[in-house]
Amino acid sequence: MPSERKRIAVVPGDGIGKEVIPTAIEVLRASGAPLDFTTFDWGADRYLIDGTTIPADGFDMLARDFDAILVGALGDPRVPSNIHAKEILLGMRFQMDLYANVRPVRLLDESLCPLQSAHVEDVNFTVIRENTEGVYAGMGGNFKFGTPDEVATQEDINTRKGVERVIRFAFDHARENGRKKVLMADKSNVMTYAGGLWQRVFKEVAGEYPGIATQHMYVDALCLQMVREPRSLEVIVTNNMFGDIITDLAAGLQGGLGMAASGNIHPGRTSMFEPVHGSAPPIAGKNMANPMGAILTGAMMLAHLGVAAEAAKIESAVEAAVREKKTTIDVGGSLGTRECAEWIAEQVAR
């Protein structure tokens, strides 16, 4: 285990984020990992008090003073525009240039998968989504707004730099994790300009990794493949919007969004980790939310920081919780958020 302590910035966020992120921290502490946590109150509550989304120097401070960031769900019906969520979450991704969204998709128990006769080894792949460009870049506008002649545009931004670095990240991820194939998904049959760039760069970068096989699929065909033969998938790389869509489908294969972890990575820089479920206002404060996505996100953060043994202990404890039904109701158990996390923390501490 690394001797130096790692500094973790924590933004619990809104709704169930304020429940599951503290449970993830409880499990991380039980692992014995050398972590120091600093919690920030950025979220809807703070925004409604004084209008703060993130302080003017917030992103610089995170990059300068912390080794990683653990973020909960953001979104609150009291803020209809969700401006705080956009400025905090998308702000971190864009302003801190966290260009690779990494979503591991791993089935921990056959009972969690909706596919008939699926085995745990059938669902074990990673989706790498470009995180700073595409239609989420916010380029576009409205002409003749609010009239019968209104025109709305939303630009899909793809730069050579952005496409190349996320594709190279995907190949590096495959090589570092013993994967033998990278699949690139696009819609180049209709999005010819953006798709053409992705096609050309994918082919060029693939030439630098002779030991890794390549495959291309249109994103709609990939959706079919994900439910028909997920075992054929190892590493998928795609653009921002397609990645956003297919990872929700992927989460369904592993037991739902409550089981899904993610990281927003820029190698060599402070990166951000978040469970991918929403803030779920209807169940917030009711001790019902599944904490395992947040706990697995914490393990993913540890692995990224080089604290591998402790990350493995947490993952094993979550697997045991699923196997023994020490879970919340959405994945077959009867425990509350706190009780599920406490059981996992006890297993980790042994």
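Normalised by the number of residues in segment 215-350, the mean separation of alpha-carbon contacts (under 8 Å, six or more apart) gives a relative contact order of 17 percent. Here's the list of lysines a cross-link from K6 could span, going by alpha-carbon distance under 25 Å and ignoring same-chain residues fewer than 8 apart: K18, K313.
For K161, the lysines whose Cα comes closer than 16 Å to its Cα, not counting residues fewer than 8 places off in the same chain, are K203.
Comparing mean-square fluctuations of I246, I16, I283 from a GNM of the chain with C-alpha springs under 10 Å, the top value falls on I283. Take every pair of alpha-carbon atoms less than 8 Å apart whose residues are at least six positions apart; their mean separation over the length of segment 33-127 yields a relative contact order of 23 percent. Counting charges near V120 (Lys, Arg +1; Asp, Glu -1) among other residues having Cβ under 9 Å from its Cβ returns a value of -3. Label zone (R64, point 7 Å along Cα-to-C-beta; backbone nitrogen cut-off 15 Å) within segment 246-286: 270. In this simple spin-label model, placing a label point 7 Å from the Cα along the Cα-to-Cβ direction at both E176 and A308 gives a separation of 1.1 nm. Rounded to the nearest 0.05, what FRET efficiency do T214 and K161 give with R0 = 22 Å and r taken as the Cβ-Cβ distance? Could you check? Efficiency, rounded to the nearest 0.05: 0.60. Quick check on the chain: of the DSSP beta bridges with both residues there, what percent are antiparallel, nearest 5%? Roughly 40 percent of the DSSP beta bridges within the chain come out antiparallel. Using a probe of 1.4 Å, the accessible surface attributed to W42 totals some 10 Å² when neighbouring protein chains are kept in position. Between Y193 and R350, the simple spin-label model (points 7 angstrom out along Cα→Cβ) gives 5.9 nm.
Take the alpha carbon gyration tensor of the chain, find the square roots of its eigenvalues, order them as a ≥ b ≥ c, and report rounded if a/c is under 1.5; if not, report prolate when a/b exceeds b/c, else oblate. Rounded, because the longest to shortest axis ratio a/c is under 1.5. The GluC sites (Glu not before Pro) of segment 315-350 meeting both criteria, a DSSP state outside H, G, I, E and B (loop) and at most 12 other C-beta atoms within 10 angstrom of the site's C-beta, are E324.
When you restrict to C-alpha pairs under 8 Å that are six or more residues apart and normalise by the size of the chain, the relative contact order lands at 24 percent.
Does segment 20-169 come out rounded, prolate or oblate by the C-alpha gyration tensor, with a ≥ b ≥ c the root eigenvalues, rounded set by a/c under 1.5 and, if not, prolate when a/b is larger than b/c and oblate if not?
oblate
Restricting the GluC sites (Glu not before Pro) of segment 198-307 to loop positions (DSSP other than H, G, I, E, B) with no more than 13 neighbouring Cβ atoms within 10 Å leaves E208. Taking the DSSP beta bridges with both ends in segment 182-310, the antiparallel portion is around 20 percent. Available extension along the chain between R78 and Q116 is 9.6 nm, counting 0.36 nm per residue and deducting the alpha carbon span. Largest mean-square fluctuation among S262, S111, S81, in a Gaussian network model of the chain whose springs join Cα atoms under 10 Å apart, belongs to S81.
Computed from label points 7 Å out along Cα-Cβ, the spacing between D149 and I245 is 3.2 nm. Using a Gaussian network model of the chain with C-alpha springs under 10 Å, which one of K181, K144, K86 is most mobile by mean-square fluctuation? The residue with the greatest mean-square fluctuation here is K144.
The values are calculated or read from the model by the stated rules, or taken from the named source; none is laboratory data. Source: prediction; values computed, not measured. In this analysis, Cβ positions are derived from the backbone assuming ideal geometry, glycine residues included, and neighbour counts consider all displayed protein chains. We work out accessible area using only protein heavy atoms, side chains counted, and drop any ligands, DNA or RNA first. Shrake-Rupley method; radii C 1.70, N 1.55, O 1.52, S 1.80 Å.
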